[in-house]
1. Between SER158 and ASP328, what is the label-to-label distance in nm when each label sits 7 Å out along the Cα-to-Cβ direction?
2. Could you state the principal axis extents of the C-alpha atoms in the range 178-274, from the largest down, to the nearest angstrom?
3. What residues have an amide H closer than 5 Å to that of LEU246, excluding those fewer than 5 places away on the same chain, when H is modeled at 1.01 Å from N in the peptide plane?
4. About its Cα centre, how strong a charge dipole does the range 168-398 have in debye, to the nearest 20, once Lys and Arg get +1 and Asp and Glu get -1 at the Cβ?
5. Placing +1 at every Lys and Arg Cβ and -1 at every Asp and Glu Cβ, with all other atoms neutral, what dipole size does the range 79-162 have around its Cα centre, in debye to the nearest 20?
6. From the phi of every residue in the range 96-104, what ³J(HN,Hα) in whole Hz does the Karplus formula 6.51 cos²θ - 1.76 cosθ + 1.60 yield, where θ is phi - 60° and glycine or proline is x?
7. Taking 7 Å along the Cα-to-C-beta vector as the label spot, tell me the ALA119-ALA95 distance in nanometres, rounded to one decimal.
8. Let me check I've understood the local charge: for LYS143, count other residues with C-beta under 12 angstrom from its C-beta, Lys and Arg +1, Asp and Glu -1. What total comes out?
Amino acid sequence: MNGNIVKKPNKDEVEYEEEEIELDEDDDEDDSSSRRLISKDLDPKKRLFLLMGVIVGAVLLLLLILFIASLFTSRSYEYEDIENILKNAAISYFADYPDSLPQNDGDVVEIDSSNLVYAGKMNDLSSYRNDGEPCTGKVQVEKVGGEYVYTPFLNCGSNYNSVPLATKVQNDNPVTSSGEGLYSYNGNYVFRGEQVNNWVQLEENLWRIVKITPEGNVVLIHSTGIEYSQPWDDRYNEEMAYEAGLNKYSVSRIKEYMEKIYVNPDEDMGEKILSDKDRSKIVAHTLCVGGRTATSQSKTNSEECRQKVQNQKLGLLTLSDYLYASLDSNCKSAETKSCMNYNYLVLGDDWWLMTPDSSTTCKVFKIGRDGSATVEWASSYSRVRPVIYLNSNVMSASGKGTETDPYTVK
């Protein structure tokens, strides 16, 4: 007989275990039914919404983390932003000290960034960058046409330097003595040739650089000319005994027209050529309005500048400037048709020049559709291509001077 004794379970224990087993089986059935119900309820659309909710939540959490992290890191400003800080600080400073502003048109005053910091108008320049590159800055203020033009200059070594447009153009176009490009001539830097990188985009229109003056003013001519043609002048001419026009620019219709489109162009005068911002960058200049003959071979403006009109914001191109732009060695005078060759100023339409024909009282030089210089009645109609002088402090913003990537200014 075996020594191990097996205890026989009593009736109550057996019933209890059976009841537990039955209860567990019921629970499993309930869980299975619930899972089937949940699976049935979560159709594809609801599962997509649930997934999207998870993704949106994750993105929001990431943004919150980045925002909190940004609170503990210093911001590094773009160089253009720092230039705006300089400019706004100077505007605020001179609002407090208006007597320090330039008093006369053409006068310039300058304030250093250290003085703006001392006056509490801005922080030290080092606080705006975290790359460790030391920067210096200043703001020049010039009175132009009764208004003040603020120009910031920022120098951050090899990383960044505020560059005037005139400097940018000269850096991109080294002076040459042959072929197309920028020439040193008669004290100016002048573009010559047919394919030259001298395009400039202002707010309203596209322009071409004619030359850079010794003062650093960039001389621009409208790239296409104003759409509507105008007479140069249509007044009564005593010599001709009818309205043939007078070729004296100081009292001409074309001068009146230029003054109107500068101040307030409307539909009757043609399209708007300058925005308020554009006008703030223009300086008044002296126009050379003297006459010459078609046989004259001068290209220096010596004849045109024997008569002048002062303090003008818009003008026209002289015959000398047109002739010198051609690279054709046969271009000698207005009578030479070869002046149309290798010349970026050729437009494919008629347009007026500034220069009168000195042998008459009623005729003026213009450029024909083929690019040749001709003499026409002042009362006839041609396009107007305004010429402007940009302030020497106008800063380069971007561009390479090509038609597709023109220079832009700040």
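1. Spacing of the two 7 Å Cα→Cβ label points: 4.9 nm.
2. Rounded to whole Å, the extents work out to 49, 32, 26 Å.
3. Placed amide hydrogens put ASP234, ARG235 under 5 Å from LEU246.
4. Rounded to the nearest 20 debye, it is 660 debye.
5. Its charge dipole is roughly 120 debye.
6. Once θ is set to phi - 60°, the couplings for the range 96-104 become 7, 10, x, 5, 8, 5, x, 8, 10 Hz.
7. Output for this residue pair reads 1.2 nm.
8. Numbers: positive: none; negative: ASP105, ASP107, GLU142, GLU147.
Around LYS143, the charge tally is -4.
Coordinate-derived values only; no laboratory data. The structure presented is a predicted model; accordingly, all values stated were derived computationally and were not measured. Neighbour counts are summed over all protein chains in view; Cβ atoms, including those assigned to glycine, are modelled from backbone coordinates with ideal geometry.
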